[in-house]
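Take a look at the structure set out below.
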There are 2 protein chains.
Amino acid sequence: MKTKRFILQESEIPKQWYNILADMPNKPLPPVNPGTKQPLKAEDLYPVFCEECARQELNTTDRFIDIPEAVLEQYKNYRATPLVRAYGLEEALGTPAHIYFKNESVNPLGSHKLNSAIAQAYYAKQEGTTNITTETGAGQWGAALSYAAKAFGLEAAVYMVKISYEQKPYRRSIMQTFGAQVTASPSMSTKAGRKILTENPTHQGSLGTAISEAVELALNTPHCKYVLGSVLNHVCLHQTVIGLEAEKQMEMAGEYPDTVIACFGGGSNFSGLALPFLRHNILDGKKTRFIAAEPASCPKLTKGEFAYDFGDEAGYTPLLAMYTLGHTFRPANIHAGGLRYHGSGSIVAQLLKDGYIEAVDIEQLDSFKAGVLFARSEGIIPAPESCHAIAATVNEALKCKETGEEKVILFNLSGHGLVDMAAYDRYFSGDLANYNVSDEEIAANLAASGVVSI
Amino acid sequence: MKTKRFILQESEIPKQWYNILADMPNKPLPPVNPGTKQPLKAEDLYPVFCEECARQELNTTDRFIDIPEAVLEQYKNYRATPLVRAYGLEEALGTPAHIYFKNESVNPLGSHKLNSAIAQAYYAKQEGTTNITTETGAGQWGAALSYAAKAFGLEAAVYMVKISYEQKPYRRSIMQTFGAQVTASPSMSTKAGRKILTENPTHQGSLGTAISEAVELALNTPHCKYVLGSVLNHVCLHQTVIGLEAEKQMEMAGEYPDTVIACFGGGSNFSGLALPFLRHNILDGKKTRFIAAEPASCPKLTKGEFAYDFGDEAGYTPLLAMYTLGHTFRPANIHAGGLRYHGSGSIVAQLLKDGYIEAVDIEQLDSFKAGVLFARSEGIIPAPESCHAIAATVNEALKCKETGEEKVILFNLSGHGLVDMAAYDRYFSGDLANYNVSDEEIAANLAASGVVSI
């Protein structure tokens, strides 16, 4: 009988994360101070971030970084996750491609986000922090962070993007079950939120807005640090546990990926799966393609500008080198809340600029169509975010059908959609639309955001 | 480092189910024809059930029954499930007990129900059936059956208990994503439904009612068979894959359970975990305790009568030997929809009568309290049904704390609660109550149901 799921024992969970900063031919541009335009040192980030995370953010020398014992203990609650050969999807498509997916949806919180939430909560606790605060889009990161905070005895305050707060009330309930305080963002509880709401009372929120509120809370609260679920280098670092496991599992399957695909919001699940494989392109001359699948409604990688921009809407963060649509960009209310972010993170931005990765835009209806096909052929209802990776995979697999090539495609199933069924309901009732952004809108928003090109 | 999750490879998934009918000292009483009172033969069940399931129902000779290859292929989508040492829960309770749980919640449909859904859909397809129909309470069984039907190319029609249909709209969405037709029960689409609704227009439904509607549809539709998610012997048989895996995994952990606990609705997850271990009590003199945790609002095992009764509200089924509250019993609208059933299934009934198993009643508020404790200490939000098993486990573990005994407790985490967050919301808002049933109510209902004592 053919093997479907490639399973690692607990003892095979990686003991180190992979830090691609050590291997990148061109290092990503550093974050800079918006006033002085000077590159930031780790110490400059300490007021907002955990100190160890700030150091990891700028560590360009250590290729591997030890995973703390207490973090590994928590990983053992759900890792290693299975690598799965998608025989059902292959058959449904009639493709000669070999399709594999890394199944992060078996995580009890529903997505890959826990991998970094645990690490950041651990460091916060180690450094004497009592409270942590963050933003969340679809609620996957907020749910993960809420559990991680509880596991290490911290209080968590989560700003949840208002449109998701309303669309996904059960993700809010999940956070509350773990004892977190959840606020719809923009809110009247912060200066940033009040400014946005007084200018635009019907503002539906975005990750950029929620970040502003959380950062403001951290800056004004003693023993409170801000934690982020994507974008930053140290988050990508923590997520590499995904790709390091997948590497071992692809070896068990006796194959190596020709193409690696993940959906793209800020870069956490994409980086987590892709970077460990990408190092072999850099170091060992492998020719694997890496495809980031972003929503057509938020196309920073394909249509954004490589520029220094703020990570949040209010402009509280340092300036980050990213592909961006402008930090004031308001993404359409698509159901893949985790992908509604204006920028890309510095590592991925540099890799895209240097030609190591590619990006494709996926329209909302195509993403759900692919998601339903996957559900019916593999038995797992994917998160709306993950549907973008599946749609890109389907496109690649259908190209193989045309050419007859037996390519090996690996994608990241970043989460399940069981808490997103309202979105599927709307899809089936014909109530969902595509939202494409014109070049003119993007240019106008970049100008309005005052983005500094590189 | 201590091992937390005990993991089997795909090759270690059991290839046979365990049929306790072959080993029981007193065989369960057979189903009888309500008119003639004669025991039924397998052929008598063919008009409603798949023929192979009917034969398995009455097979008292084969101790092990081969799992068909195509069923094993589907099991590989999610099996083997992990056995987990609940270190977090042990620590939260301060108990010397060693607590393990079999984690059926990693199943992509959210519960153990898929184990039998796949088998029944497979047999239906083999026998030339094109349509299958069933009932569902909380929606876990209906979701599993919907996927299984899709996997084998069958059309599925699901009658969902009305209260759950309203409380858990997303479970309905899950079924629809897999292409099933879902109807709130009681409905006006069947004679049984119309009778109930005209007598009581506000009837909220029960598993007994929904079974009547599904059986009626099967009887009146060509090439359509009825499939059931619990109660019957062949369902318990299919679920033994849980306990057979757990046996191997407990061996990996170097322990053997002193106590095995599962929640109890009709008996599927309880039997699945318990029966493979119980055979060692029968055959090898082991002294393991087996505890069925039922809701105090539906206490058939502790307060019901051992009697012949119908499996459904309308009286379409054969008479089954069961502990029952009477087939017209209307359980309170507790959130553990999968446990709202009046009877127990013949295997468990006989084992309870013969002293092999015990039962305890759990109140709704205690079940959620235990569920929240578990979520916060293990990171998994349990299904409201599973919360009953956790509450019973907590009680046993606290007894160990008093006595200092290091007992080994194994319970079944039959499903996760991510689609049940509305119930948790109501629990946190103080909006849930306990519903206890008095002896007088039970006696009156048994009389009204015309139950025949044994």
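The values are calculated or read from the model by the stated rules, or taken from the named source; none is laboratory data. Keep in mind that this is a model prediction, so the values were computed, not measured. Because the Cβ atoms are built from the backbone with ideal geometry, glycine has one as well, and the counts that use them run over all protein chains shown. Note: accessible area is taken over every heavy atom of the protein model, side chains too, but ligands, DNA and RNA are not part of it. Shrake-Rupley method; radii C 1.70, N 1.55, O 1.52, S 1.80 Å.
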task: Could you figure out which of (1) closer than 30 Å to residue B:41 by Cα; (2) not in a strand (DSSP E or B) isn't true of residue B:302?
output: (1)
message: Every residue in region B:171-188 that is away from chain A (no Cβ under 14 Å) and touching a Phe, Trp or Tyr at 6+ places or on another chain (Cβ under 9 Å), please.
response: B:183, B:184, B:185, B:186, B:187
message: Exactly one of these conditions fails for residue B:422: (1) open to solvent by 20 Å² or more (accessible area, probe 1.4 Å); (2) over 23 Å from the mean Cα position of the chain (by Cα); (3) within 14 Å of chain A (Cβ to nearest Cβ). Give me its number.
response: (2)
query: Considering region A:38-57 alone, what residues qualify as being part of a loop (DSSP other than H, G, I, E, B), touching a residue at least 60 places away in the same chain (Cβ under 8 Å) and open to solvent by 20 Å² or more (accessible area, probe 1.4 Å)?
result: A:40, A:47, A:48, A:49
Positions within region B:146-170 being in a helix (DSSP H, G or I) and more than 12 Å from chain A (Cβ to nearest Cβ), in sequence order: B:162, B:163, B:164, B:165, B:166, B:167
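One line per residue, one yes/no per condition, for (1) in a loop (DSSP other than H, G, I, E, B); (2) within 14 Å of chain B (Cβ to nearest Cβ); (3) surrounded by 22 or more Cβ atoms within 10 Å (Cβ to Cβ):
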residue: A:313; (1), (2), (3): yes, no, yes
residue: A:317; (1), (2), (3): yes, no, yes
residue: A:322; (1), (2), (3): no, no, yes
residue: A:333; (1), (2), (3): yes, no, no
residue: A:374; (1), (2), (3): no, yes, yes
residue: A:387; (1), (2), (3): no, yes, yes
residue: A:391; (1), (2), (3): no, no, yes
residue: A:395; (1), (2), (3): no, no, no
residue: A:401; (1), (2), (3): no, no, no
- request: Could you tell me whether any residue of region A:292-310 is over 30 Å from residue A:199 (Cα atoms), more than 15 Å from the chain's Cα centre (by Cα), at pLDDT 95 or above and open to solvent by less than 10 Å² (accessible area, probe 1.4 Å)?
  value: no
task: Mind telling me which of the residues A:354, A:361 ends up being under 20 Å from the mean Cα position of the chain (by Cα) and either of a type in the set (Asp, Glu) or more than 14 Å from every other protein chain (Cβ to nearest Cβ) (or both)?
output: A:361
query: Only one of (1) crowded, with 19+ Cβ neighbours inside 10 Å; (2) outside any loop (DSSP other than H, G, I, E, B); (3) facing chain A (nearest Cβ under 10 Å) is not met by residue B:80, so which one is it?
result: (2)
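Can you confirm whether region A:229-248 contains a residue that is out of contact with any helix residue (DSSP H, G or I) (no Cβ under 9 Å at 6 or more places or on another chain), farther than 20 Å from residue A:158 by Cβ and open to solvent by less than 10 Å² (accessible area, probe 1.4 Å)? Break it down into steps so the answer makes sense when it comes.
Taking region A:229-248 as the starting set, the residues that turn out to be out of contact with any helix residue (DSSP H, G or I) (no Cβ under 9 Å at 6 or more places or on another chain) are none.
Checked region A:229-248: no residue is out of contact with any helix residue (DSSP H, G or I) (no Cβ under 9 Å at 6 or more places or on another chain), farther than 20 Å from residue A:158 by Cβ and open to solvent by less than 10 Å² (accessible area, probe 1.4 Å).
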- request: Give the residue, chosen from A:69, A:52, that is within 14 Å of chain B (Cβ to nearest Cβ) and of a type in the set (Asp, Glu).
  value: A:69
task: Could you please tell me which pairs satisfy a Cβ distance under 9 Å, a separation of 6+ or placement on different chains, a first residue in region A:305-322 that is farther than 11 Å from residue A:216 by Cβ, and a second residue that is of a type in the set (Lys, Arg)?
output: A:306/A:353; A:308/A:37; A:313/A:330; A:319/A:37; A:322/A:300
query: Can you tell me which residues in region B:208-228 are aliphatic (A, V, I, L, M) and either open to solvent by less than 10 Å² (accessible area, probe 1.4 Å) or part of a loop (DSSP other than H, G, I, E, B) (or both)?
result: B:210, B:211, B:214, B:215, B:218, B:227, B:228
field: Check on residue A:454, of a type outside the set (Gly, Ala, Ser), open to solvent by 10 Å² or more (accessible area, probe 1.4 Å) and more than 14 Å from chain B (Cβ to nearest Cβ)
entry: yes
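Yes or no, residue by residue, for (1) facing chain A (nearest Cβ under 10 Å); (2) at pLDDT 95 or above; (3) in contact with an Asp or Glu (Cβ under 9 Å, 6 or more places away or on another chain):
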residue: B:4; (1), (2), (3): yes, yes, yes
residue: B:19; (1), (2), (3): no, yes, yes
residue: B:39; (1), (2), (3): no, yes, no
residue: B:47; (1), (2), (3): no, no, no
residue: B:57; (1), (2), (3): no, yes, no
residue: B:60; (1), (2), (3): no, yes, no
residue: B:74; (1), (2), (3): yes, yes, no
residue: B:87; (1), (2), (3): yes, yes, yes
residue: B:93; (1), (2), (3): no, yes, no
